[in-house]
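Everything on this sheet refers to the single structure shown next.
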Amino acid sequence: MRFLRRSLVGLTLVSLTLALLVWAGALVVGAVQTRMSAEPRVPQARERVFAVNVLTAEEETLTPILTAFGEVRSRRTLQVRAAAGGRILDLAEGFEDGGRVEAGDLLVRIDATLPEAALSRARADLSDAEAEVRDAERGLTLARDTLAASEEQADLRQRALARQADLLDRGVGTAALVEEAELAAASARQSVVSARTGLAQAEARVDQAATALARATIARDEAQRAVEDTEVRAEFAGTLSDVTVVEGGLVSANEQMAQLIDPDALEVSFRVSTAQYARLLDEAGRLRAAPVTAALGTGGIEITATGTISRASAAVGEGQVGRMVFARLDAPGGLRPGDFVTVTTEEPPLEQVVRLPSGALNAANAVLVLDEDERLESLPVTLERRQGDDVIVRGAGLAGREVVRERTPLLGPGIKVRPIRPVGAEEAREVAEAGTSEAGTSETGSPETAAASARPAGADAGEMVELTDERRARIRAFIESSARMPDEMKTRILAQLDQPQVPASMVARIEARMGS
């Protein structure tokens with residue numbers, strides 16, 4: 001009996017076990033069939049929203065600044081050369097690189113022994129020529145007196161001949177006396193001719209003596225200049241450069257000893273493009289005398305000088321483009337010839353234009369603007385100027401629209417965005433320093449995640465919180481001890497902290513910087 005009872009119990013347990021196994025297998029098979037026969041469920045897609053910085057485009061009248069790079073040069077540069085060769089006997093005390101000299105100062109004295117000897121000989125020759133002139137003038141006077149006497153004697157002989165001929169006609173004289181009178185008259189006329197010849201020779205001698213005197217004078221003057229050339233003087237006040245001689249050294253004729261530069265007569269030459277040059281012309285096509293500023297920055301110190309555009313190059317150099325423009329500097333200050341400076345000048349004003357960051361403009365000259373649904377829209381504009389990191393544009397319907405400050409490859413027309421509008425210049429700078437400004441995009445996550453990443457944790461836009469005295473004092477101490485924050489920003493934030501309630505976003509940003 002006991003065996004039968006135990007057998008029945010075992011059989012019952014085995015049956016229950018098999019029944020449970022069959023029931024479990026049926027459940028599994030049914031679940032698998034249901035899973036395989038059911039349609040796949042696709043999760044609902046969420047539209048990606050990007051956080052972007054925007055600004056409002058405002059039309060205004062702007063004066064573009066033309067920036068170029070130029071070289072400072074002197075308008076008065078003189079090469080100090082030796083007009084005569086020889087040994088240098090004396091140098092001026094300031095005859096050295098950077099030495100300042102005045103107009104007329106003696107710079108170099110060269111040995112003048114040979115030129116002075118030549119001058120003495122020239123002066124002696126001049127004295128001989130002057131004596132010859134005086135002798136020729138006296139000979140001319142004597143020749144004139146001799147001619148006058150010969151003419152007087154010939155006249156007397158002619159009258160004696162006439163008298164003898166008259167006596168012969170009256171039968172008183174003889175033919176022999178008439179012949180003697182004719183011979184005497186002929187001799188007197190010959191004396192007149194000889195006297196005239198002597199007068200011509202005396203006049204020729206005077207001319208020759210005058211010519212010799214002129215040659216001697218010229219030789220004396222040349223010798224005098226040769227002596228004066230041994231002394232080199234400054235033609236104008238300036239500074240010496242490239243000095244290559246020393247006292248006691250030998251120099252040859254026309255050898256360059258130094259350069260004299262006028263540091264107060266400087267100009268700057270800079271090259272501009274043809275389009276920039278066209279904007280520097282007036283209505284008549286002439287170059288405007290626009291003011292310029294030349295700046296030399298070195299070691300954190302900037303040396304500036306103002307001037308006025310004076311002229312442009314007459315021709316374009318070979319292999320060059322644009323135009324070379326020259327501007328005279330009024331007060332050069334610390335600038336020197338050879339300095340490489342930055343030149344800025346104002347262009348004619350542009351009316352009804354908008355200044356935008358350069359990152360807002362793409363290669364097709366279009367910007368992204370927001371529509372009423374805060375979706376992006378592409379708006380074509382005309383690029384007028386580039387000013388550093390900004391651009392000056394003009395476009396129809398641009399005024400008053402909100403423009404994306406920085407374009408990214410993820411942004412395009414029709415994309416939904418969450419605009420981050422600047423509260424003010426100080427607020428934007430504060431956000432930039434705090435590192436909490438969201439200038440990029442939210443690539444993953446839901447719109448709620450993108451919105452949360454654009455502001456500090458625990459701070460809702462426009463939410464006001466009430467601070468405890470301890471928390472308020474800790475924030476105030478951090479603001480007052482900050483060395484990077486401008487004074488104006490400190491004053492504004494401290495004034496907000498004095499209020500009973502302060503913006504939660506501002507508190508979150510400051511505490512994030514505090515590390516709390």
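Just checking, how many residues over the range 280-308 are part of a strand (DSSP E or B) and either under 14 Å from Glu347 (Cβ atoms) or in contact with a Phe, Trp or Tyr (Cβ under 7 Å, 6 or more places away or on another chain) (or both)? Can you show your working first?
To start, the set of residues in the range 280-308 that are part of a strand (DSSP E or B) comprises 281, 287, 291-298, 301-308.
With either under 14 Å from Glu347 (Cβ atoms) or in contact with a Phe, Trp or Tyr (Cβ under 7 Å, 6 or more places away or on another chain) (or both) added as a condition, the list becomes 281, 287, 291-293.
The qualifying residues number 5.
Here are Ala327, Ala366, Ala360, Ala396: which of them is free of Cβ contacts under 8 Å to residues at least 24 places away in the same chain and surrounded by 16 or more Cβ atoms within 10 Å (Cβ to Cβ)?
Numbers: Ala327 fails: free of Cβ contacts under 8 Å to residues at least 24 places away in the same chain; Ala360 fails: free of Cβ contacts under 8 Å to residues at least 24 places away in the same chain; Ala396 fails: surrounded by 16 or more Cβ atoms within 10 Å (Cβ to Cβ).
Of Ala327, Ala366, Ala360, Ala396, the one residue that is free of Cβ contacts under 8 Å to residues at least 24 places away in the same chain and surrounded by 16 or more Cβ atoms within 10 Å (Cβ to Cβ) is Ala366.
Mind listing whichever residues of the range 111-126 are under 24 Å from Leu89 (Cα atoms) and charged (D, E, K, R)? Full working, then the answer.
Residues of the range 111-126 that are under 24 Å from Leu89 (Cα atoms), as a first pass: 111-121.
Hits for the range 111-126 are Asp111, Glu116, Arg121.
Identify the residue in the range 57-74 that is of a type in the set (S, T, N, Q) and surrounded by 15 or more Cβ atoms within 10 Å (Cβ to Cβ) and, among all such residues, is nearest to the chain's Cα centre (by Cα).
Just the residues of the range 57-74 that are of a type in the set (S, T, N, Q), to begin with: 61, 63, 67, 74.
Restricting the remaining residues to those that are surrounded by 15 or more Cβ atoms within 10 Å (Cβ to Cβ) gives 67, 74.
Working: Thr67: 8, Ser74: 13 Å.
Top of the filtered list is Thr67.
Of (1) modelled with pLDDT of 90 or more; (2) aliphatic (A, V, I, L, M); (3) assigned to a strand (DSSP E or B), Leu89 satisfies all except one. Which?
Condition (1) is where Leu89 drops out.
Would you mind telling me which numbered condition in (1) closer than 19 Å to Arg73 by Cβ; (2) of a type in the set (A, V, I, L, M); (3) part of a loop (DSSP other than H, G, I, E, B) Val321 fails?
Result: Val321 passes all but (1).
Pick from the range 207-240 the residues that are of a type in the set (Ser, Thr, Tyr) and more than 45 Å from the chain's Cα centre (by Cα): which of them is surrounded by the fewest Cβ atoms within 10 Å (Cβ to Cβ)? Don't jump to the end; show me each part of the working.
Applying the first criterion (of a type in the set (Ser, Thr, Tyr)) to the range 207-240 yields 211, 217, 230, 239.
So of that shortlist, the ones also more than 45 Å from the chain's Cα centre (by Cα) come out as 211, 217.
Working: Thr211: 12, Thr217: 15.
My answer is Thr211.
Is it fair to say Val403 is surrounded by 13 or more Cβ atoms within 10 Å (Cβ to Cβ), within 24 Å of Arg355 (Cβ to Cβ) and either at pLDDT 75 or above or among the hydroxyl-bearing types (Ser, Thr, Tyr) (or both)? Outline the logic, then answer.
Values: surrounded by 13 or more Cβ atoms within 10 Å (Cβ to Cβ): yes; within 24 Å of Arg355 (Cβ to Cβ): yes; either at pLDDT 75 or above or among the hydroxyl-bearing types (Ser, Thr, Tyr) (or both): yes.
Here the answer is yes, as Val403 does meet what is asked.
Name the pairs: first residue in the range 58-86 and among the aromatic types (Phe, Trp, Tyr), second residue surrounded by 15 or more Cβ atoms within 10 Å (Cβ to Cβ), Cβ to Cβ under 9 Å, at least 6 apart or on different chains?
Phe69/Phe270; Phe69/Arg271; Phe69/Val341; Phe69/Thr342; Phe69/Val343
Select, from Val272, Val251, Val243, the only residue that is under 30 Å from the mean Cα position of the chain (by Cα) and under 25 Å from Asp111 (Cα atoms).
On the way: Val272 fails: under 25 Å from Asp111 (Cα atoms); Val251 fails: under 30 Å from the mean Cα position of the chain (by Cα).
One residue alone meets the criteria, Val243.
Look through the range 489-505, keep the residues that are surrounded by 11 or more Cβ atoms within 10 Å (Cβ to Cβ) and of a type in the set (D, E, K, R), and return whichever of them is nearest to Met464 (Cα to Cα). Break it down into steps so the answer makes sense when it comes.
Quick first cut of the range 489-505, residues surrounded by 11 or more Cβ atoms within 10 Å (Cβ to Cβ) only: 489-494, 496-497, 499, 501-505.
Next, only the ones that are of a type in the set (D, E, K, R) stay: 490, 492.
Numbers: Lys490: 20, Arg492: 17 Å.
By that ranking, first place goes to Arg492.
The values are calculated or read from the model by the stated rules, or taken from the named source; none is laboratory data. Since we're looking at a predicted model, the values are computed, not measured. For neighbour counting, all protein chains shown are included, and Cβ atoms are generated from backbone atoms with ideal geometry for every residue, glycine included.
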